Amino acid sequence: MKNIHFVGEWFDCRAPKALLCDPQAIQARCMEHIARRHLPISYEYFTAAAANGVIGAMTGAGIHIVLRTFPHHEAVTADLYVGEAEQAQIRAAMRTFDGLRDEFRPMRALLHRVQRDGHPVPARGRTPRAPTEVFLSKPVRRAV
C-alpha cells in the first residue's frame, strides 16, 4: 500500500469557456471520470469562485481530488491525494487525473509530486518525473 499526492497546474487551456466557468459542467465531467474508474468517491461539491472560476472537491475513503479554475487566465489547478491504497486504485486515480487534464486541453502542464519523508514514489505512464517537491514530516526552521 502506498500514498500519492500530486498537484497539477494546467495553463493555456483550450476547453470551452463553459467548462472553465460552469460548476455543473465541471462536476458532470469529473463524475464521469470517477465512475469510469470506479473510485470510492462519496461526496462531491462544486461552486462558483472569484473571477467567474469554479472550485470543486470530490472526496471518499482515503482519496480527494480538488479542482480550481481561472477562466480569465485559461488555467486550472488540480490536487490529487490517495492514501494507503492498493496499486490498482492508485492507477485508477492517476488515469482519472490524466483524463481530467485532457478535458481542459492545456497547452502547458506542470505536475508537482508531493512526497512525505523524502521517500520516492516511482512515476509511470504519462506522469512526468519532474518537477518534484519533497515535504518532510518535521518542519525545517526558517532563518529570520
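Structure data summary
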{"quantity": "Evaluation of R36 against (1) more than 16 Å from the chain's Cα centre (by Cα); (2) part of a loop (DSSP other than H, G, I, E, B) (one fails), failing number", "calculated": "(2)"}
{"quantity": "The listed residue being in contact with a strand residue (DSSP E or B) (Cβ under 6 Å, 6 or more places away or on another chain) and not aliphatic (A, V, I, L, M), out of D12, D22", "calculated": "D12"}
{"quantity": "Meets criteria (under 20 Å from C21 (Cα atoms) and in contact (Cβ under 8 Å) with a residue 24 or more places away in the chain) for T96", "calculated": "no"}
{"quantity": "Residue selected from the range 45-62 under the condition under 16 Å from the mean Cα position of the chain (by Cα), within 21 Å of C21 (Cα to Cα) and β-branched (V, I, T), by the criterion surrounded by the fewest Cβ atoms within 10 Å (Cβ to Cβ)", "calculated": "I55"}
{"quantity": "In the range 56-98, the residues that are in contact with a helix residue (DSSP H, G or I) (Cβ under 7 Å, 6 or more places away or on another chain) and assigned to a helix (DSSP H, G or I)", "calculated": "P71, H72, A92, R95, T96"}
{"quantity": "Residue match in the range 63-83 (condition: of a type in the set (G, A, S), at pLDDT 90 or above and either surrounded by fewer than 14 Cβ atoms within 10 Å (Cβ to Cβ) or at positive phi (or both))", "calculated": "no"}
{"quantity": "Answer residue from the range 8-44, given it is within 15 Å of T69 (Cβ to Cβ) and polar (S, T, N, Q) and is surrounded by the most Cβ atoms within 10 Å (Cβ to Cβ) among those", "calculated": "Q27"}
{"quantity": "Near pairs, Cβ below 6 angstrom, 6+ apart or cross-chain, from the range 1-21 (free of Cβ contacts under 8 Å to residues at least 60 places away in the same chain) to any residue that is part of a helix (DSSP H, G or I) and hydrophobic (A, V, I, L, M, F, W, C)", "calculated": "A18/A25"}
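The values are calculated or read from the model by the stated rules, or taken from the named source; none is laboratory data. These numbers come from a predicted model, not from an experiment. Every residue, glycine among them, receives a Cβ derived from its backbone with ideal geometry; neighbour counts consider all protein chains shown.
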